[in-house]
Amino acid sequence: MTMQRFLFPRWTNKLLALLGVLIAGGGAYAGVLFLGATSPVTLNTGYRPEQPVPFSHALHAGELKMDCRYCHSSVDKSAHSTIPATQTCINCHSPKTSAGSPSLSAVHSESAKLKPVHESWRTGESVDWVRIHRLPDFVYFNHSIHIARGVSCVTCHGRVDRMEVVYQAKDQSMTWCIDCHRNPAPHIRPVEEVTNLAWSAGSEEEQLALGKKLIEENNIKPQTNCAVCHR
């Protein structure tokens, strides 16, 4: 008795082709996701892009003691920290008018470094600032909630007031965020000191004691379940 060979139906040929496409597509998607999640604009510390205007935070926030909220005006009111509007820059650095005098303030009104700002003011087109801190699209982060609970700008952005050129000081990975949510005491300070980047509670022990006290007083209960950030 001869054995009959089993033959797959012809339609399985199309199934194999589709399976190959799905495998190739899945591999490409995983590669893009990996490259995107580890690119300099998401996680890599030290990311320091060149900006169209050489704005010195060391001068403005450090030496001149300008409050972060003067330029990033919505940071304590909304989920996002806005890029400063050209009007904010022009308040101090307005160009000369046809009459030969600045319309608002004469701080470096003829500096070549400020040409992109002056051009933006003239045309109404935004300055092409390069974003430094960028979380993946599938991550939700609310600036105002953190600031309202006493989490300083320093916690996520480092000592910006000492940076001549701003760079990404923290990796801002999921593990980094969860570690803070599980143990927020080292990062909590009085709300009125949130934008005072040079503020310190003293020793590590003093910071922990203060942090625990503020957590209790303000009923701070950071969540660690997935839905908090991945909505």
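Condition check: surrounded by 14 or more Cβ atoms within 10 Å (Cβ to Cβ), without any contact (Cβ under 8 Å) to a residue 60 or more places away in the chain and of a type in the set (A, V, I, L, M). Does ALA85 satisfy that? Considered against the rule, which asks whether it is surrounded by 14 or more Cβ atoms within 10 Å (Cβ to Cβ), without any contact (Cβ under 8 Å) to a residue 60 or more places away in the chain and of a type in the set (A, V, I, L, M), ALA85 comes out as yes.
Tell me yes or no: at least one residue of segment 12-25 is in a loop (DSSP other than H, G, I, E, B) and modelled with pLDDT under 80.
no
Residue count for segment 98-145 under the criterion of being closer than 26 Å to VAL75 by Cα and small (Gly, Ala, Ser): the result is 5. The lone criterion from (1) in contact with a helix residue (DSSP H, G or I) (Cβ under 7 Å, 6 or more places away or on another chain); (2) hydrophobic (A, V, I, L, M, F, W, C); (3) over 30 Å from GLU217 (Cα atoms) left unmet by VAL151 is number (3).
So which residues in segment 56-88 are at negative phi, in a loop (DSSP other than H, G, I, E, B) and of a type outside the set (S, T, N, Q), if there are any at all? Scanning segment 56-88 gives LEU64, MET66, ASP67, HIS72, VAL75, ASP76, LYS77, ALA79, HIS80, ILE83, PRO84, ALA85.
Selection of segment 105-148 for residues being over 30 Å from ASN219 (Cα atoms) and in contact (Cβ under 8 Å) with a residue 40 or more places away in the chain yields LYS113, LEU114, PRO116, VAL117, SER126, VAL127, ASP128, TRP129, VAL130, ARG131, ILE132. Helices (runs of 4 or more DSSP H) fully within segment 113-231 that include at least 2 residues being of a type in the set (A, V, I, L, M): 143-148, 174-182, 204-217.
Determine whether segment 176-187 contains at least one residue that is touching a strand residue (DSSP E or B) at 6+ places or on another chain (Cβ under 7 Å) and not basic (Lys, Arg). So far as segment 176-187 goes, yes, one or more of its residues are touching a strand residue (DSSP E or B) at 6+ places or on another chain (Cβ under 7 Å) and not basic (Lys, Arg). Scanning segment 172-187 for residues that are more than 17 Å from the chain's Cα centre (by Cα) and either modelled with pLDDT under 95 or open to solvent by less than 60 Å² (accessible area, probe 1.4 Å) (or both) yields a total of 4. If you go through segment 188-231 and pick out every residue that is open to solvent by 40 Å² or more (accessible area, probe 1.4 Å), of a type in the set (Ser, Thr, Tyr) and touching a helix residue (DSSP H, G or I) at 6+ places or on another chain (Cβ under 7 Å), you end up with 1. Residue pairs whose Cβ atoms lie under 6 Å apart, sitting 6 or more positions apart in sequence or on different chains, and linking a residue in segment 206-231 that is touching a residue at least 40 places away in the same chain (Cβ under 8 Å) to a partner that is open to solvent by less than 50 Å² (accessible area, probe 1.4 Å) and part of a loop (DSSP other than H, G, I, E, B), are LEU214/GLY150; PRO222/PRO184; CYS229/VAL139.
The values are calculated or read from the model by the stated rules, or taken from the named source; none is laboratory data. The model shown is predicted, which means the values in this text are computed figures rather than measured ones. Glycine also receives a Cβ, built like all others from the backbone with ideal geometry; neighbour counts cover every protein chain displayed. Heavy atoms of the whole protein, side chains included, go into the accessibility calculation; ligands, DNA and RNA do not. Shrake-Rupley method; radii C 1.70, N 1.55, O 1.52, S 1.80 Å.
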